[in-house]
Structure formats: structure tokens, C-alpha cells
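Notes follow once the structure below has been shown.
The values are calculated or read from the model by the stated rules, or taken from the named source; none is laboratory data. Quick caveat, the model's predicted, so the values are computed rather than measured. Please note: Cβ atoms are built from the backbone with ideal geometry, for glycine as well, and neighbour counts cover all protein chains shown.
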Amino acid sequence: MEGLKVFFELDEGLVRAVDGVSFSVDQGGVVALVGESGCGKTVTVRAMLHLLDPPGRIVEGRVLFRGDGVGGVEDLAGLDPDGPRMRKVRGGEISLIFQEPMASFSPVHTVGSQIGEAIRLHRDMTQREARAETVRLLSAVGVPQPGQRIDEYPYQFSGGMLQRAMIAMALSCRPRILIADEPTTALDVTTQAQILALLRRLQKETGMAVIFITHNLGVVAEMADAVVVMYLGAVVEKGPVKAVYHEPRHPYTQALLKSIPPIRGGGRQRLATIAGSIPHPLMRPSGCPFHPRCPRFMPGTCDAHEPATASIASDHEVSCFLYGDEHRT
Amino acid sequence: MISSPKADRNELTLLDVRGLKKHFPVRSGFLKREVGAVRAVDGVSFRIANGQTMGLVGESGCGKTTVARCILRAVDPTSGEVFFRMRNGDTVDIVAMPARQLRSIRRDVQMVFQNPFTSLNPRMTVMDIVGEPLLVNGMRDRKARADRVAELLRLVGLRTEYMRRFPHAFSGGQRQRIGIARALALHPRLLVADEPVSALDVSVQAQILNLTKELQERLRLTVLFVSHDLSVIRHVCDHVAVMYLGRIVEYAATDELFRAPRHPYTAALLSAVPDPDPRSRGRIVVTEGEVPSPADPPPGCHFHPRCPHAVARCRTETPMPWPPDTGRLVACHRAGDLKLEGIE
């Protein structure tokens with residue numbers, strides 16, 4: 001992902017939902033996009049697959065993807081959203097699981113027929129073969145009695161089971177990248193633990209890359225190799241999980257990590273907070289978008305220019321004037 | 001007033017819930033005959049001492065919200081007693097109170113809701129939202145009411161100039177502050193907070209948690225804090241009750257419960273929380289299975305089908321809560337001989 005910009009032109013004004021986002025994910029790697037509501041993490045991955053709701057559109061940037069076979073690297077942002085290549089990538093080579101499994105399945109078709117449809121769309125299989133494959137997949141994601149449950153409707157599944165079915169569907173075409181958008185947010189904590197363990201096992205088995213979108217910093221620590229912290233459409237910090245968690249550099253990352261009530265230790269001290277609240281997307285502050293809430297705000301600098309990316313280590317980057325005075329033009 | 005000789009004589013106890021049950025009938029067929037019941041709350045007992053915060057934690061469907069609603073009589077319990085100590089020292093049973101007397105209780109027991117986007121009327125100004133309980137309770141003078149609303153807004157950290165605005169002009173965190181101001185308008189003594197921060201972003205969540213604690217100390221409030229988030233519970237509560245399928249499985253002082261859980265379900269919950277520290281990766285222990293439907297709970301101990309320590313007795317005999325050490329209650333046949341992992 002290189003310098004991706006996604007803007008929504010609304011009657012009320014221009015929303016810069018994603019404003020110059022760059023990050024990469026290696027084969028077999030797990031990257032987490034983290035941030036609070038409105039930070040653009042979901043829009044970023046939806047743009048990757050040309051799934052933006054109008055009037056959102058990619059204004060700038062490249063989405064470089066090494067697809068199957070010998071094709072080499074291609075720029076997904078330049079492809080026709082409805083063209084044959086994009087349709088092959090979407091759901092086939094890159095697939096997506098959503099936060100609300102209940103809302104992602106059609107309520108009037110059986111779970112099995114929906115997974116089977118996805119299989120037959122991307123793989124050359126007869127109906128009978130697709131059905132056998134669906135049973136195999138459901139069993140692989142831990143749905144009990146898959147031979148029976150294949151003919152059940154989504155309402156007959158619990159939230160956790162439906163999320164498993166969703167994962168089975170996403171993996172049915174052996175994607176190279178799996179995008180998981182808040183896959184456990186709607187689930188209970190014991191179910192969440194099951195789904196996280198399942199995703200980790202499948203990722204190891206298949207060697208696919210995973211882009212994990214979440215606001216839960218505990219889930220990130222558990223799952224990801226690298227983390228990309230976003231705030232109001234911009235990447236403020238990115239790096240290996242350990243570096244970012246133990247030596248966060250950006251004031252936003254630092255504050256975010258301190259504001260979670262710790263599960264360890266009995267101390268009931270005041271939590272560190274971030275002053276104010278996330279601005280409305282139409283009222284994006286000038287300069288560094290975090291400056292009105294930043295404890296280390298430098299007048300004349302942070303509100304005047306957008307900081308460029310500064311390198312802390314080879315793979316740890318931060319966008320903040322505390323670490324370099326260069327700015328984006 | 002209904003004063004019961006059975007009520008707790010301990011003056012420190014503000015709320016004493018005993019054997020609370022709420023069964024929702026399941027109707028089916030043409031005649032809508034009752035074919036069964038969802039035992040949302042199935043015999044819950046606990047006490048909260050004055051000035052303390054008690055947490056009620058559990059997964060969805062465990063009945064924690066229904067307990068909260070029963071205490072407010074937002075739903076009528078099927079059976080049980082909810083003793084509340086009034087300002088004058090009398091103890092009343094909220095469950096037995098006639099509906100028209102409830103207003104006297106509702107001044108003292110107030111609720112903060114989960115979703116600040118749906119719990120405020122979008123067509124009322126902040127002044128009217130926060131002022132409504134004052135008006136209902138006889139504060140007719142508009143000027144006096146405006147002064148009290150301003151005082152409340154300052155208390156929860158909002159600017160008084162915003163009084164004439166409508167809820168849509170506020171962020172989620174600010175709306176939750178408005179909801180808290182409304183709850184505090186009548187100087188309540190018990191605040192029931194049902195997942196008050198789970199709809200908020202973490203940076204805003206921290207602000208509201210700090211505010212809740214500050215207010216509790218300043219106004220010496222007693223709080224029943226309902227949440228599914230164990231880190232939030234550990235941060236704000238003095239005592240915690242863990243619920244599973246309508247029953248309390250364990251009750252203890254917060255740090256004891258986290259350090260050394262005695263019920264396998266408590267241990268399962270604790271081991272499922274992802275710790276925001278990459279060094280503790282892989283600590284999560286997966287508990288198999290799912291929460292069964294409260295319409296058809298397993299016999300014996302409700303947790304036995306998922307419990308790694310279950311024995312034959314657990315399948316048939318419902319465990320009664322017993323104290324393995326002082327200040328703790330656990331409903332598990334094997335709590336005496338199990339050594340369970342907690343979180344330091």
C-alpha cells in the first residue's frame with residue numbers, strides 16, 4: 001500500500017477518510033491496523049478491494065499486490081473495479097471477514113449454499129464437489145456435525161459458529177491475503193479466544209498473510225507481528241508489535257496504550273486519558289491531525305504542517321515532529 | 001413502607017438482593033400456550049455495602065442486565081427480594097412495593113445506560129434531559145432548575161454553555177456525561193451502570209471511568225457496575241460477582257478474584273482475555289463449547305459441559321454457593337480441591 005488516499009465528497013464538504021496511508025504485509029505475515037472509530041482502518045482495506053461505498057473513491061496511491069502464479073506485482077488501485085481480474089482477486093486471492101457475521105450472510109439461504117456459491121465462483125468444481133468441499137471446510141473451522149449444519153440457515157447458528165462459517169467461506173478459495181475486520185468484536189470473550197486460536201492455526205497451516213483490523217489492543221498483542229496505528233486517516237506510527245508496545249514513540253500511541261485499564265496488578269490509579277474527543281471527519285484539524293489533543297503540541301509547527309515519516313529503526317516509523325522537522329508538502 | 005424483619009440489620013448494607021428470579025415465559029402454537037421459560041435470572045443473591053462498587057460480570061445472555069433491571073423494577077422479578085436501605089434508615093423490599101410507591105425509590109436508585117446514542121431523546125435539549133427528573137420531582141421553577149442543571153454539567157465536566165444544545169451536537173463520551181448528569185440529578189445513593197463504557201472508544205472510555213470513580217468518591221455513591229469487560233471491572237470494582245446462565249458462580253473481593261479464582265468459569269474468563277502485552281502472547285487458554293441457551297440449561301452445574309474439571313456429581317447436582325474463605329462465595333463442587341490459574 002503506497003500513499004493511498006480515499007476521499008468522500010459530501011454535500012457538507014470533503015472527508016479525507018484515508019489520507020496518505022502506506023504499509024506492507026509479507027507473505028505469511030500478520031499486520032494489525034489499529035485505531036479508534038473514524039481513523040480510516042476499514043476504509044483502507046475496503047479501498048484495497050474496490051468495495052468503497054459511493055461517493056468514496058481512491059484519489060491517489062497504489063495497492064501493489066503479488067498475485068498468484070507468474071503475474072508478478074500488479075496495482076489493484078488501477079484495475080477496473082468490475083473487471084474480470086478484480087473479480088478474481090476479490091474473494092479469491094484476497095478475502096474478507098467482517099465484524100457482524102449475522103449481517104454478512106443472507107438470511108434466506110442455507111449456510112452451505114452460500115459457501116458453495118463462493119467456491120464455485122472461484123474454483124472449477126461441480127455442485128457435488130463443492131458440497132463435499134464445504135463440509136470439509138466447516139469441519140476444518142470446528143463446526144460440529146458439518147454434514148448436518150451445512151443445510152441449516154444462519155439464524156440456526158450462534159454468533160461464534162457463524163463467524164467460523166464466515167472464516168470457512170473466506171478460506172474456501174485459498175486466499176493469499178485474509179482481511180479480518182474486527183472479527184471478534186461482536187463475540188463473547190471465551191468465543192473470541194476460540195476464534196483467535198482458530199485464525200492463528202489456519203494462518204500457520206496455509207501460510208496466508210493476514211491483515212487484522214481491530215480497536216482492541218489486547219487482540220493485536222496476541223495476534224500480530226507488525227502494527228500500524230492510525231488516527232483520522234493517517235498512519236501515526238508503525239513497526240513490529242514489540243517495539244510499538246514497549247517503546248511507543250508517537251504521543252497518540254503512548255496515550256492509547258496508557259488509557260487501557262490494565263488487567264494485571266491491583267492498582268486503581270487514575271487512567272491516563274487523551275484530552276477531548278475524536279474530531280468530526282469534516283472538522284479535520286490542520287497540520288498533524290492529533291495536535292489539538294496532543295500533550296506535546298508545539299505551536300507554530302504541529303498546527304501548520306503535516307509531519308513526514310521519521311525512521312526510528314529500519315522497520316519502526318513515526319509521523320511526528322518530535323522525531324524530525326521534515327514535513328509533507 | 002414495608003419493613004421486613006428478615007432484612008439485613010447491618011447498617012452498612014445499602015442493597016441486599018436475595019434469591020432473585022426472573023423467568024420469561026416461552027409461548028408457542030396457535031393459542032400461545034406457555035411451553036417453557038427462559039430462566040434469565042435464576043436465584044441470585046448479593047449485597048452491596050454503602051459506598052462500595054460491585055461489579056457484575058459475565059458473557060451475553062448470562063442475565064446480568066436483567067438483574068440490573070429487576071433492581072430498578074424496570075422489569076418485575078418472578079420472585080425474590082431486593083432490600084434497599086432508605087435515607088431514614090428504614091429497609092424496604094423493592095420487589096414488594098406497589099407500583100405507585102416506586103417513585104420514592106427511583107430518586108435513590110438511578111441508572112446509566114450502555115448506549116449514549118439511543119438513551120438520550122434527540123428532540124430534547126440537554127437542559128430538558130438533565131432537568132426532567134427535577135421537574136418530575138417537583139422543581140417547578142425554571143431558573144432554579146437551570147442552576148441545578150448547570151451545576152450537574154460542571155460536575156461531569158461539561159461546559160454549561162452547551163445546555164441549549166441537542167444530543168446530536170455531542171460526541172459519544174460527552175453524551176455519556178450527559179447521561180451521568182441526568183442520573184445524578186436527584187442525589188441518588190445507588191447508581192446502576194449497565195455497560196456504561198462499552199460503546200466508547202478506549203481514549204474516551206478512560207475519561208468516563210475516571211469520572212465515575214471521582215464522582216463516586218466525591219458523592220459517596222454506591223455503584224452496581226455491569227460489564228463484560230474484565231479489565232474495566234478490575235479497574236473500578238471493590239467486589240465482583242461472576243454470572244453464568246442466570247446464576248452467580250463466584251463472588252469475591254476484586255483482587256482476590258483475579259489473583260486466585262476458585263470457580264473454573266471465572267478462571268476460563270480470565271484466561272480468555274487477550275493481554276495488551278506482546279510478551280504474554282500464547283497465554284490464552286481456549287475453553288471449548290459455547291454458552292448454552294438459558295431456555296434449556298444443562299442439569300446440575302450449568303458450566304459442567306464446558307468445564308475441564310467436571311466429575312459425575314457436577315452433571316446431576318446443582319452446586320450451592322459456599323465460602324471457601326471469608327468474603328468469598330463459590331458455587332462449585334470441586335472448589336475445595338482445585339488449584340486454578342489467575343492473573344497477578
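Before moving on, here are some points about what is shown:
- Test: A:Ser158 is touching a helix residue (DSSP H, G or I) at 6+ places or on another chain (Cβ under 9 Å), at pLDDT below 90 and hydroxyl-bearing (Ser, Thr, Tyr): yes
- Within the range B:314-336, tally of residues that are touching a helix residue (DSSP H, G or I) at 6+ places or on another chain (Cβ under 9 Å), surrounded by 12 or more Cβ atoms within 10 Å (Cβ to Cβ) and charged (D, E, K, R): 3
- Residue in the range A:28-73 that is modelled with the lowest pLDDT, counting only those that are under 19 Å from A:Leu178 (Cβ atoms) and in a strand (DSSP E or B): A:Arg66
- Complete set of residues in the range A:253-280 that are under 20 Å from A:Leu322 (Cα atoms), at the interface with chain B (Cβ under 7 Å from one of its Cβ atoms), assigned to a loop (DSSP other than H, G, I, E, B) and small (Gly, Ala, Ser): none
- Top-ranked residue of the range A:180-239 - restricted to ones that are small (Gly, Ala, Ser) and part of a strand (DSSP E or B), ranked as surrounded by the most Cβ atoms within 10 Å (Cβ to Cβ): A:Ala180
- Looking across the range A:1-28, just one residue is small (Gly, Ala, Ser) and within 13 Å of the chain's Cα centre (by Cα), and that is A:Ser24.
- Restricting the range B:271-281 to residues that are touching an Asp or Glu at 6+ places or on another chain (Cβ under 8 Å) and under 26 Å from A:Pro144 (Cβ atoms), the residue that is nearest to the other protein chains (Cβ to nearest Cβ) is B:Pro274.
- Residues located in the range B:279-321, provided they are closer than 19 Å to A:Gly142 by Cβ and in a helix (DSSP H, G or I): B:Pro305, B:Arg306
- You will find that of B:Val291, B:Val286, the residue that is in contact (Cβ under 8 Å) with a residue 40 or more places away in the chain, closer than 18 Å to A:Thr191 by Cα and either among the hydrophobic types (A, V, I, L, M, F, W, C) or more than 10 Å from every other protein chain (Cβ to nearest Cβ) (or both) is B:Val291 and no other.
- Of all residues making up the range A:304-314, the number that are surrounded by 12 or more Cβ atoms within 10 Å (Cβ to Cβ) and not in a strand (DSSP E or B): 3
- Residue in the range B:254-261 that is surrounded by fewer than 24 Cβ atoms within 10 Å (Cβ to Cβ), more than 27 Å from A:Lys258 (Cβ to Cβ) and away from chain A (no Cβ under 11 Å) present: yes
- Among the residues of the range B:110-131, those that are closer than 23 Å to B:Asp194 by Cα and surrounded by fewer than 16 Cβ atoms within 10 Å (Cβ to Cβ) comprise B:Phe117, B:Thr118, B:Asn121, B:Pro122, B:Met124.
- Of everything in the range B:76-94 that is free of Cβ contacts under 8 Å to residues at least 60 places away in the same chain and buried (at least 17 other Cβ atoms within 10 Å of the Cβ), the residue that is farthest from B:Arg47 (Cα to Cα) is B:Thr78.
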